[in-house]
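Visitor: Please find one structure pasted underneath; my questions will follow.
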Amino acid sequence: MADIIPTPTGHVRLGSNAGQPLTRRDGVLKVTGAATYAADNRPDGLAYAVFAHSSVARGRVTSLDVDAAKVHPGVIEVITPANRPPLGRDPDGKAHMFSWRTEALQNDTVRYAGQPIALVVAETLEAATEGARLLAPRYAAEPARIGFDAGEAYDPPAVGIGSPPNFAKGDVEAGFAAADQVTETRIETPLQYHNALEPHAIVAAWDGDRLTVDVPSQAIAMARNDFAAYFEVPPENVTLRSPFIGGGFGSKAILNGPQLLCVLAARMVGRPVKLAVTRQQMFGHLGHRGATRQHLRLGVDGEGHLTALEHNAISTTSSFDDFLEPAANASHNLYATPALKTHHTGVRVDTGTPGPMRAPGEASGSAGLECAMDEAAAALGLDPLEFRLRNYSETDPASGKPFSSKALRECYAEGASRFGWAGRPLAPRQMRDEAGCLVGWGVGTAMFPAPMFQAKARATLARDGTGLMEIAAVEMGQGALTALAQIAADGLGLDGDKVELRAGSSELPDGGIAGGSGHTATAGSAIFAAGSDAVRKLAELATRDEASPLFGAGNAGVVGRAGRLHRADDERRSEAYGDILQRAGLSHIEGEGAGARDPADAAEYAMFSHGAVFAEVKVDPDLYQIRVSRLVGAFAAGRIINPRLAKSQLTGGMIWGISFALHEDAIHDPRTGRPMNADFAGYHVPVNADAPSVEAFLVEEVDRHVNALGIKGVGEIGVTGSAGAIANAVWHATGVRPNRFPIRIEALLH
Amino acid sequence: MIPNLTLTVNGDRHEVHLDDARPTLLDVLRERLGLTGTKKGCDRGQCGACTVLVDGRRVNSCLTLAISVDGAEVTTIEGLARGGTLHPVQAAFVENDAFQCGFCTPGQIMSAVGLIAEGEAGDDAERIREGMSGNLCRCAAYPGITEAVRDARQRLAQNERESV
């Protein structure tokens, strides 16, 4: 049956489900209010928890008025370091690579503003909220360290999740010496908080030593195991349900202290407890994108080819844990250069610990790199798109490996054509619209790795002609329930409406982590393999059965399609799945599959999605108000399972690029360390009117190496390229090179 | 002593016994009446996820104390579909992929129903975008939302013409 699944280097011929722009399978649930998010759960006897958070950034909590909180009507319990029961794992430990040091009332130390310092449990949300207020904490505060220059600088052992902090290839100093032109670019990027619309929530319920938690999780099996370790129960005693996530963006992958406190509270009060953080509390313990200060040097010869590229970044992290935005690594894999050097420095400040936020490193580093490329092109008097094409890399600049596929040239052409780039004047301040606004056009290259994690899936074909696919996959808006069901249908050889996909629960096979833009590739590979395994078992039954029209077809092979097995060399000879099972006396047949990268392909190829983003901005000539009037992107990301959903991911990412370029900016008060704009009135994200015209186009790309299905990913790449394109368009409109994101009006008032 | 509160929600009359003056309309809907379709995104009127119609007007239910709307007619996302048929705005949101994670979607849809009823935006995409800008979508499904509102308005207008 090996010919049902082509060899790993061949391209899987999918059926009629993948590739279709189907509407979302969970669409009706989501438009009727029936999709259930964690905070929507209301088990019987539910109590409500609210945590109090620190208003200072460093020091100790010296008093909490627990008595005042306890006498408030409705308050059931107050948990502080004084009465917090022990946990089976140290919240300050690093049990695995996705463990972040967190606060679960292990002591009275305060290490950032917004840190949880007590938990109040009450009969109602209102009573718990008031109880937390009545705690009136007092502190022994120390001065806060905020900003690149206030914190302690150090050489980090790693950046991102386990990446080396420094890299060098060739001799950059020799490259600069040989260059006809050397340009320097300095860019700063701010702290950004994920701010998914769904505030992190958890409902915890104990039944003896069995725990059920409803909590949004981008890493269901990992979180289940973490809860089990903290509460010293076997993993199989923990059920974690996460059917829908109201936006994750990286912030819902990692366990955090208040989640543990809610589970503890449920055990202490002997009732289910719900804890939903407030919007303000999303600016503290839940991770963020650290700030960066980047310095780039580009050496270019007379032909417009890079002779050297150097990218240095200072990234902020907390005083007690390390996650450094790996910004400089964005220069590793894009533009061809004989000499490449990147370097990261860490700075410890009194905020919570940063974490992965949509395109961690790629977003901020791409913004710096694309601005630097534009500056070099302008200095050369070259069109910025032409300059990028002259430095197009045919192999990965860092490793020298060939790309598994790279249709970036086609993306440049498609994007430029759709945007109408031709005829763009080289000099800035050359274009105006009918209202007299300055108009500028800019370009940026988008790029994001195509990683895979590990996943398993279980498939069942039933005698009634239906299929079931089970996997703890994660629906967080990217459309996993839809795209993965399409892959399931093709793997099982069934029509889509005959397939049920069960996902979002730790009771199902481990679907891996929904992150790194690798979920469809990873979970999809497991699903396709499981489906194929079930079909293979069915084919074994049929081809050995003299009563089957497929008897003896073992060598020629059979294929499953629309609920029937067909002889590969004679389409007319076929039999329905149900008939095969019935004759064998079986109600159903199961298959299993795993998804992971082939190590041989991983060793041989560099794997990335690519794209090109073109921006038009309009700038008021007197007030310097900046508007992004058009954003056009063209992207190549291997096989697209559902173009409707992929385009939504890409345009959503591009609007994150608008947000990066013009809006998001978390400001911590340098005196107190408190976030000064910890709500949507002060921390700006784009509204509908900020994104008047955003279009994404898909460029065909066949990749025979990323995985058998040829899937890369589209979740994060839209953020890259976009912020740089907008900054470059602002320069083209005004003649001013922004040196900080977000670009503010005052930056243009020269 | 707080008198009982009477609310008509999606056509059903509810007597709510409140022993506390503090609950917002949002928390009464979600935690006491079990209508969890309406979402809490910020609890301070900045994101629009909690948008419901009160006596036909779109309001942020998180900024509305429940006792201040005693006797009101409230429509939530659970009350739009009729007998298993989606409201034209709901159908247009599905067809135009006007959401991703779905968390802001109930608020977006209620706001769109309100905006169309207000009759201020018409088919003008720019005015629709302005009129929908009180509802944040962090997934940034804005292009689809604008198309969905325009699409739904046209369907509703056509339904009206056909029923005359």
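Visitor: Spot the failing condition for A:Ala136; the list is (1) among the aliphatic types (A, V, I, L, M); (2) in a loop (DSSP other than H, G, I, E, B); (3) more than 14 Å from chain B (Cβ to nearest Cβ); (4) out of contact with any helix residue (DSSP H, G or I) (no Cβ under 8 Å at 6 or more places or on another chain), and only one is missed.
Guide: (4)
Visitor: Can you tell me which residue in the stretch A:663-686 is surrounded by the fewest Cβ atoms within 10 Å (Cβ to Cβ), limited to those that are small (Gly, Ala, Ser) and away from chain B (no Cβ under 14 Å)?
Guide: Result: A:Ala666.
Visitor: List every residue pair whose Cβ atoms sit under 6 Å apart, with the two residues 6 or more apart in sequence or on different chains, where the first one lies in the stretch A:491-510 and is at pLDDT 95 or above and acidic (Asp, Glu) and the second, anywhere, is surrounded by fewer than 24 Cβ atoms within 10 Å (Cβ to Cβ) and assigned to a helix (DSSP H, G or I).
Guide: Once the first residue is at pLDDT 95 or above and acidic (Asp, Glu) and sits in the stretch A:491-510, its partners that are surrounded by fewer than 24 Cβ atoms within 10 Å (Cβ to Cβ) and assigned to a helix (DSSP H, G or I) give A:Asp510/A:Ala221.
Visitor: Based on what the data block shows, is A:Arg358 within 29 Å of A:Glu604 (Cα to Cα) and either of a type in the set (D, E, K, R) or assigned by TED's automatic domain parsing to the domain that holds A:Trp441 (or both)?
Guide: Judged against the criteria, A:Arg358 is a match.
Visitor: Search the stretch B:110-122 for residues that are at pLDDT below 95 and pair each with any residue that is outside any loop (DSSP other than H, G, I, E, B) when their beta-carbon atoms are under 6 Å apart and the residues are at least 6 apart or on different chains.
Guide: Between residues of the stretch B:110-122 that are at pLDDT below 95 and residues that are outside any loop (DSSP other than H, G, I, E, B), the close pairs are B:Ala121/B:Leu115; B:Ala121/B:Arg127; B:Ala121/B:Ile128; B:Ala121/B:Gly131.
Visitor: Okay, next question. Report yes if A:Leu550 is touching a Ser or Thr at 6+ places or on another chain (Cβ under 6 Å) and either among the hydrophobic types (A, V, I, L, M, F, W, C) or part of a helix (DSSP H, G or I) (or both), otherwise no.
Guide: yes
Visitor: Another question, if that's okay. Please go through (1) surrounded by 24 or more Cβ atoms within 10 Å (Cβ to Cβ); (2) farther than 23 Å from A:Ile117 by Cα for A:Val233 and return the number of the only condition it doesn't satisfy.
Guide: A:Val233 satisfies every listed condition except (1).
Per-residue answers, yes or no, for (1) touching a His at 6+ places or on another chain (Cβ under 7 Å); (2) basic (Lys, Arg):
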| residue | (1), (2) |
| --- | --- |
| A:Leu550 | no, no |
| A:Gly554 | no, no |
| A:Val559 | yes, no |
| A:Arg564 | no, yes |
| A:Asp570 | no, no |
| A:Ser574 | yes, no |
| A:Ile580 | no, no |
| A:Gly591 | no, no |
| A:Arg597 | no, yes |
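Visitor: Here is a follow-up. Within 20 Å of A:Phe244 (Cα to Cα) and either touching a helix residue (DSSP H, G or I) at 6+ places or on another chain (Cβ under 8 Å) or touching a residue at least 60 places away in the same chain (Cβ under 8 Å) (or both), is that true of B:Val94?
Guide: Yes, satisfied.
Visitor: Between A:Glu362, A:Glu394, which is in contact (Cβ under 8 Å) with a residue 60 or more places away in the chain and among the acidic types (Asp, Glu)?
Guide: When all the criteria are applied, what remains is A:Glu362.
Visitor: Which condition does B:Val74 not pass, out of (1) facing chain A (nearest Cβ under 10 Å); (2) of a type outside the set (Lys, Arg); (3) not in a helix (DSSP H, G or I), if it passes all the others?
Guide: In the conditions (1) facing chain A (nearest Cβ under 10 Å); (2) of a type outside the set (Lys, Arg); (3) not in a helix (DSSP H, G or I), B:Val74 misses (1) alone.
Visitor: Would you confirm whether any residue within the stretch A:103-120 is touching a Ser or Thr at 6+ places or on another chain (Cβ under 9 Å), more than 24 Å from A:Ala140 (Cβ to Cβ) and assigned to a loop (DSSP other than H, G, I, E, B)?
Guide: Scanning the stretch A:103-120, I find no residue that is touching a Ser or Thr at 6+ places or on another chain (Cβ under 9 Å), more than 24 Å from A:Ala140 (Cβ to Cβ) and assigned to a loop (DSSP other than H, G, I, E, B), so the answer is no.
Visitor: Output the number of the condition that A:Ala666 fails; it satisfies all remaining conditions of (1) of a type outside the set (Val, Ile, Thr); (2) in contact with a strand residue (DSSP E or B) (Cβ under 8 Å, 6 or more places away or on another chain); (3) at positive phi.
Guide: (3)
Visitor: To continue, here is another question. Quick one: B:Gln90 ticks every box in (1) facing chain A (nearest Cβ under 8 Å); (2) of a type in the set (S, T, N, Q); (3) in contact with a strand residue (DSSP E or B) (Cβ under 9 Å, 6 or more places away or on another chain) except a single one, so which number is it?
Guide: Just one mismatch for B:Gln90, condition (3).
Visitor: Kindly check whether there is at least one residue in the stretch B:74-88 that is crowded, with 20+ Cβ neighbours inside 10 Å and more than 17 Å from B:Leu35 (Cβ to Cβ).
Guide: There is at least one residue in the stretch B:74-88 that is crowded, with 20+ Cβ neighbours inside 10 Å and more than 17 Å from B:Leu35 (Cβ to Cβ).
Visitor: Of all residues in the stretch B:1-36, how many are in contact (Cβ under 8 Å) with a residue 60 or more places away in the chain, surrounded by 15 or more Cβ atoms within 10 Å (Cβ to Cβ) and closer than 25 Å to A:His72 by Cβ?
Guide: Residues in the stretch B:1-36 being in contact (Cβ under 8 Å) with a residue 60 or more places away in the chain, surrounded by 15 or more Cβ atoms within 10 Å (Cβ to Cβ) and closer than 25 Å to A:His72 by Cβ: 1 in total.
Visitor: Taking the stretch B:37-84 on its own, how many of its residues are of a type in the set (Lys, Arg) and either in contact with a Pro (Cβ under 6 Å, 6 or more places away or on another chain) or in contact (Cβ under 8 Å) with a residue 40 or more places away in the chain (or both)?
Guide: Total meeting the criteria: 3.
Visitor: A follow-up question, please. Among the residues of the stretch A:263-292, count how many are part of a helix (DSSP H, G or I) and either under 11 Å from A:Trp206 (Cβ atoms) or aromatic (Phe, Trp, Tyr) (or both).
Guide: Qualifying residue count, the stretch A:263-292: 8.
Visitor: Continuing with the same structure: I need the full set of residues from the stretch A:215-262 which are free of Cβ contacts under 8 Å to residues at least 60 places away in the same chain and not in a helix (DSSP H, G or I), in order please.
Guide: Across the stretch A:215-262, the qualifying residues are A:Val233, A:Pro234.
Visitor: Another question, if that's okay. What's the number of the condition A:Arg704 fails, among (1) farther than 30 Å from A:Ala18 by Cα; (2) touching a residue at least 12 places away in the same chain (Cβ under 8 Å); (3) surrounded by fewer than 24 Cβ atoms within 10 Å (Cβ to Cβ)?
Guide: Result: A:Arg704 passes all but (1).
Visitor: What's the number of the condition A:Phe660 fails, among (1) within 14 Å of chain B (Cβ to nearest Cβ); (2) surrounded by fewer than 24 Cβ atoms within 10 Å (Cβ to Cβ)?
Guide: If we test A:Phe660 against (1) within 14 Å of chain B (Cβ to nearest Cβ); (2) surrounded by fewer than 24 Cβ atoms within 10 Å (Cβ to Cβ), just (2) comes out false.
Visitor: Taking the stretch A:311-346 only, how many residues are touching an Asp or Glu at 6+ places or on another chain (Cβ under 7 Å), outside any strand (DSSP E or B) and of a type outside the set (Ser, Thr, Tyr)?
Guide: The total comes to 3.
Visitor: Still on this structure, please answer the following. Filter the stretch B:10-24 down to the residues that are in a strand (DSSP E or B) and either within 24 Å of A:Thr129 (Cβ to Cβ) or outside the structural domain of B:Ser61 (by TED's automatic domain parsing) (or both) and list them by number.
Guide: Those that are in a strand (DSSP E or B) and either within 24 Å of A:Thr129 (Cβ to Cβ) or outside the structural domain of B:Ser61 (by TED's automatic domain parsing) (or both): B:His14, B:Val16, B:Thr24.
Visitor: Condition test on A:Asp374, is it farther than 17 Å from A:His610 by Cβ and surrounded by fewer than 17 Cβ atoms within 10 Å (Cβ to Cβ)?
Guide: Taking the combined requirement at face value, the residue does not satisfy it.
Visitor: Here's another thing I want to ask about it. Take A:Tyr48 and decide whether it is within 14 Å of another protein chain (Cβ to nearest Cβ) and either more than 30 Å from B:Asp97 (Cα to Cα) or in contact (Cβ under 8 Å) with a residue 12 or more places away in the chain (or both).
Guide: For A:Tyr48, the condition - within 14 Å of another protein chain (Cβ to nearest Cβ) and either more than 30 Å from B:Asp97 (Cα to Cα) or in contact (Cβ under 8 Å) with a residue 12 or more places away in the chain (or both) - is met.
Visitor: Select from the stretch A:162-208 the residues that are part of a loop (DSSP other than H, G, I, E, B) and surrounded by 15 or more Cβ atoms within 10 Å (Cβ to Cβ) and list them in ascending order.
Guide: Result: A:Pro165, A:Gly170, A:Ala179, A:Pro190, A:Tyr193, A:His194, A:Asn195, A:Ala196, A:Leu197, A:Glu198, A:Pro199, A:His200.
Visitor: Continuing with the same structure: Answer with yes or no whether A:Ser629 is in a helix (DSSP H, G or I), hydroxyl-bearing (Ser, Thr, Tyr) and either in contact with an Asp or Glu (Cβ under 8 Å, 6 or more places away or on another chain) or within 10 Å of chain B (Cβ to nearest Cβ) (or both).
Guide: Spelling it out, it is not the case that A:Ser629 is in a helix (DSSP H, G or I), hydroxyl-bearing (Ser, Thr, Tyr) and either in contact with an Asp or Glu (Cβ under 8 Å, 6 or more places away or on another chain) or within 10 Å of chain B (Cβ to nearest Cβ) (or both).
The values are calculated or read from the model by the stated rules, or taken from the named source; none is laboratory data. These numbers come from a predicted model, not from an experiment. Counting neighbours? That spans all protein chains shown, and the Cβs are built from the backbone with ideal geometry, glycine included.
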